[in-house]
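Please treat every number below as a calculation from the coordinates, not as lab data. Every value quoted in this text rests on a predicted model; they were computed, and no experiment measured them. When we count neighbours, we look across all protein chains shown, and the Cβ atoms used for this are built from the backbone with ideal geometry, even at glycine.
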Amino acid sequence: MTERDNLLRMLSGEKADHLPLDVWMTEPARDLMESHTGSRDEVEALGLAVERIGPAYTSSPESWIQAYRGLGFMLSPEATVGCLGTVHDCPPAETLGAAYHLREMRHPLEHVETVSQLSELPWPDWESPDAYAHLGEAVEGAHRRGLAAVGQMDCTAFEMAWYLRGMGRLFLDLVDRTGLGDWLLDWFTQRAVHAVGQFVRSGFDIVWLGDDVGTQRGMMMAVPFWREHLKPRLAQVVQAVRDAETSPVWVAYHSDGDVREIIDDLVEVGVDVLNPVQPECMPVVQTVGDHRHHLAFWGMIGTQSTMPFGTPSDVKMAVTELADLARDGARVVLSPTHMIEPDVPWENLSTLVKASHMPLFNLR
Amino acid sequence: MNPLESLTDAVVRGDRREAVRLTSEQIDGGSPPKEILAALVAGMDTVGDRFQRNEAFVPEMLIAARAMTESMAVLEPLLAAQGIRPEHTAVIGTVQGDLHDIGKNLVAMMWRGAHFNVVDLGTNVAAEDFVNAAKDHGADIIGLSALLTTTMPAMRQTVQSIREAGLHAKVIVGGAPITAEFADSIGADAFAPDAATGVDIARKLVSA
C-alpha cells in the first residue's frame with residue numbers, strides 16, 4: 001500500500017495501515033534533518049504522505065515595485081516582492097540567529113484610497129493556462145512516487161488581502177464598506193475559484209484551502225462577521241471544486257487558533273478536513289468526538305507544546321492518543337500543527353516519524 | 001443616558017463621528033476635560049470587557065479605538081493646556097528574533113485607550129533596546145510579546161536584562177505560546193492572556 005493509498009483510505013474511513021504523516025519544515029529544521037538523514041527532502045526522509053503543488057503565476061517584481069512607488073510605498077533594498085504583490089523585508093541575519101528563515105511582512109496597500117488604485121496594480125493573470133501547465137505532470141509525478149497530490153490554495157482570500165492591506169485596514173474597510181476590502185477579497189476568491197477547478201481537472205487528490213480566522217482564545221472576528229464576509233467566498237471556492245470533480249476530491253481547510261465556533265459552517269459549505277486543530281486551544285479528543293461524523297482531522301501534534309518542549313515519550317503518547325481515535329473510527333492525519341521550527345529536538349521529530357509508520361493496530 | 005454616557009456609548013459602538021461630535025459638544029459646553037477623557041476611557045473599558053468575554057472581537061476593538069483616537073485629537077489640546085498627561089508610560093515590543101506584531105499592536109491600542117503613554121518599539125527588539133527605551137521614557141510598564149516558541153528564550157533574556165538594569169518597571173508578557181507558568185519561570189511580573197486583560201493587569205501593577 002503506498003502512502004497515498006493509506007491516506008486516501010484514512011480519509012474515506014476505510015481501514016488504513018498506519019497514521020498518514022504530513023510535516024511542514026522551516027529551513028533551519030531542514031538543516032537539522034539533513035544532518036541526521038543526509039537529505040533535505042522531507043517527503044523522502046520522513047516518509048510523508050503528500051506532495052504539495054501550487055499554481056505558477058507570472059508577474060514582474062519590477063512592475064510591482066514601480067506600482068508601489070507610484071502609491072508612495074517605498075521598498076527597502078532587501079525587500080522581496082512575491083508574484084501576488086506581497087512584500088517581505090529581510091532583517092539583518094545576526095538579529096534573528098537560528099530563526100534566519102523569518103521575514104517581516106509589509107503591507108504595501110495600507111494607504112490605498114480607491115478601488116481604481118487597486119485595479120490598476122500589475123496583478124498576474126490567473127486565467128493564463130501557463131500558470132497551470134505544470135500541474136498534470138506534477139500530479140502524475142506525485143502519484144508515481146506513491147504520494148497524494150495536494151493543491152495548495154492556502155491563504156485563500158482573507159489572509160492575502162490582509163497581507164497586502166494590513167489586518168487593521170482590511171477590517172476597517174469591511175466595517176466601513178469602503179469597497180476596498182471587498183475588491184481584494186473578491187480578486188483572491190475568483191483567483192482561487194479558477195485555480196481549484198484547474199487542480200481538480202489535473203487530478204489532485206486534495207485541495208488545500210485556508211485563512212487564519214482563529215486566535216488562541218476563540219475567533220478573531222464575530223461569527224456573524226465571518227458569515228457575512230468570508231463564509232460566502234469560501235463557499236464559492238469549495239463549490240468550484242464540486243463543480244469540477246468527476247471523482248471525489250477532498251477539501252481541507254486550515255486556520256490557526258480556536259475555530260470551534262465555525263466548524264459546522266465549514267462542513268456546511270463542503271469542507272471535509274480540518275487543519276491543524278491546535279491542542280493548546282482546541283481540546284482534541286472532544287473536538288474530534290463532536291465532529292467525527294462529518295469531518296476528518298489533520299494535525300493535532302502541538303508545535304507550541306509537545307514538539308518543542310515535550311520528550312519523545314510525550315510525542316509517542318500524543319500519537320497513541322490519535323491512533324486510539326483512529327481505531328475507534330475517526331479519520332486522522334498526523335501532523336505537527338505548524339511548521340517545525342529550529343527549537344524542535346530531532347529526537348521528537350524522529351519519534352513522530354517512527355510512531356506514524358507503526359501499524360495502526362500495533363500502536364498502543 | 002446623559003451626554004457623557006452617550007459619548008461612552010459612541011466609543012463602544014465605534015461611531016467615530018458621533019464620538020467626535022459629542023466630545024466637541026462637551027468641550028463647548030464647558031465640561032471638565034478630565035471628565036470627557038474618563039467617558040472615552042470608559043468606552044474602551046467596556047469594549048475590553050466584552051473582548052474578554054468573547055462578545056467583542058478585533059474589528060470592534062479597532063473601531064472603538066479609532067473613535068477614541070479621533071475624539072482625543074479634539075480633546076488633547078485642552079488636556080495639555082490643563083497639564084493633564086497620561087499618568088503612566090508603557091514600553092512595548094516583540095522580542096528579538098520574532099517579527100509578529102498583531103498581538104503586540106492590540107495591546108498597545110488598548111493601553112492607549114486606557115490613557116497610558118505607549119512607546120511602541122516594534123518587532124525584533126533586542127533586550128538592551130527595551131532597557132534603554134524604558135530608561136529614556138521612565139516606563140512604569142514593559143510589555144514583551146512573542147508568537148514563536150523559538151523566541152521564548154529571548155523573552156527570558158529580556159526580563160533578565162531588565163532586572164539586571166535595576167529598572168522599577170513591571171514586566172508583562174504575552175503571546176500565543178506564553179503561559180502563566182512560563183511568565184513565572186522567567187521572573188515576569190505578570191502574564192496577559194489577551195489585550196484587554198493586559199489593561200487590567202497594567203492598571204493593577206501601576207497602582208500596587
Practice problem: For the range B:89-207, just say rounded, prolate or oblate: build the C-alpha gyration tensor, square-root its eigenvalues into a ≥ b ≥ c, call rounded for a/c under 1.5, and beyond that prolate if a/b exceeds b/c, oblate if not. | Solution: rounded
Quiz item: Roughly speaking, what is the stretch gain from residue A:327 to residue A:60, that is 0.36 nm per residue apart minus the C-alpha to C-alpha distance, in nm to one decimal?
Solution: 91.1 nm
Exercise. Order the peptides A:111-118, A:131-138 from the highest to the lowest mean number of other Cβ atoms within 10 Å of their residues.
Key: A:131-138, A:111-118
Quiz item: Going by alpha carbons, how many degrees (0 to 90, nearest 10) lie between the helix axis of B:102-113 and the longest principal axis of chain B?
Solution: 40 degrees
Quiz item: Taking the Cβ of residue A:200 as the center, what net charge do the other residues with Cβ under 11 Å away carry, scoring Lys and Arg +1 and Asp and Glu -1?
Solution: -1
Quiz prompt | Principal-axis tilt of helix A:231-244 within chain A, Cα atoms, nearest 10 degrees | solution = 70 degrees
Quiz item: Looking only at other chains, what is the average number of their beta-carbon atoms within 10 angstrom of each beta-carbon in A:162-173?
Solution: 3
Quiz prompt | Karplus-derived HN-Hα couplings along the range A:314-326 (A = 6.51, B = -1.76, C = 1.60, θ = phi - 60°), whole Hz, x at Gly and Pro | solution = 5, 4, 4, 5, 5, 5, 4, 4, 6, 5, 4, 5, 5
Quiz item: Cα-based count: Lys pairs in the protein assembly as shown below 19 Å, eight or more positions apart or different chains?
Solution: 4
Exercise. Could you run the Karplus curve 6.51 cos²θ - 1.76 cosθ + 1.60 with θ = phi - 60° over the range B:134-151 and give me ³J(HN,Hα) per residue in whole Hz, x for Gly and Pro?
Key: 4, 5, 4, 9, x, 5, 8, 10, 10, x, 10, 10, 8, 9, 9, 5, 5, 9
Exercise. From other protein chains only, count the Cβ atoms within 10 Å of every residue's Cβ in B:59-67, then give the mean.
Key: 4
Quiz item: Measuring from label point to label point, each 7 Å out along Cα→Cβ, what is the residue A:293 to residue A:74 span in nm?
Solution: 6.1 nm
Quiz prompt | Under 5 Å, built H, 5+ apart or other chain: amide partners of residue B:94 | solution = B:122, B:123, B:124, B:125, B:145
Self-check item: Ranked by how many other beta carbons lie within 10 Å on average, peptides B:80-88, B:124-132, B:160-168 from highest
Solution: B:124-132, B:160-168, B:80-88
Quiz item: For the Cα atoms of chain A, what angle does the longest principal axis make with the long axis of helix A:27-37, in degrees from 0 to 90, nearest 10?
Solution: 30 degrees
Practice problem: Describe numerically, in nm with one decimal, the distance between label points set 7 Å from Cα along Cα→Cβ at residue A:1 and at residue B:85. | Solution: 7.1 nm
Quiz prompt | residue A:296 long-range amide H proximity, modeled H, under 5 Å | solution = A:273, A:274
Exercise. Nearest 5 is fine: what % of DSSP beta bridges in the protein assembly as shown come out antiparallel, could you say?
Key: 15 percent
Quiz item: Using θ = phi - 60° and the Karplus curve 6.51 cos²θ - 1.76 cosθ + 1.60, what whole-Hz ³J(HN,Hα) does each residue of the range A:3-10 get, with Gly and Pro shown as x?
Solution: 4, 5, 4, 4, 5, 5, 5, 4
Quiz prompt | Environment charge at residue B:39 (Cβ cut-off 11 Å; Lys +1, Arg +1, Asp -1, Glu -1) | solution = -3
Quiz prompt | Ratio Rg/Rh, restricted to chain A and using Cα atoms, in which Rh is the Kirkwood radius | solution = 0.96
Practice problem: Note down the magnitude of the dipole of the range B:89-207 about its Cα centre, charges +1 on Lys and Arg C-beta and -1 on Asp and Glu C-beta and zero elsewhere, to the nearest 20 debye. | Solution: 200 debye
Quiz item: Percent relative contact order of chain A, based on C-alpha pairs within less than 8 angstrom and at least six residues apart?
Solution: 20 percent
Quiz prompt | Long-range amide H partners of residue A:220 with built H, under 5 Å | solution = A:214, A:215
Self-check item: Protection proxy ranking of A:267-275, A:11-19, B:59-67 - average other beta-carbon atoms within 10 Å, highest first
Solution: B:59-67, A:267-275, A:11-19
Quiz prompt | Normalised per residue, the volume of the convex hull around the Cα set of chain B (Å³) | solution = 113 Å³
Quiz item: Rounded if a/c is under 1.5, else prolate if a/b is larger than b/c, else oblate: which is the range A:1-68, with a ≥ b ≥ c the root eigenvalues of its Cα gyration tensor?
Solution: oblate
Quiz item: In peptide A:16-23, how many Cβ atoms from other protein chains are near each Cβ within 10 Å, on average?
Solution: 0
Exercise. Could you list the residues of the range B:102-124 with an amide nitrogen less than 18 Å from a label point located 7 Å from the Cα of residue B:69 in the Cα-to-C-beta direction?
Key: B:102-123
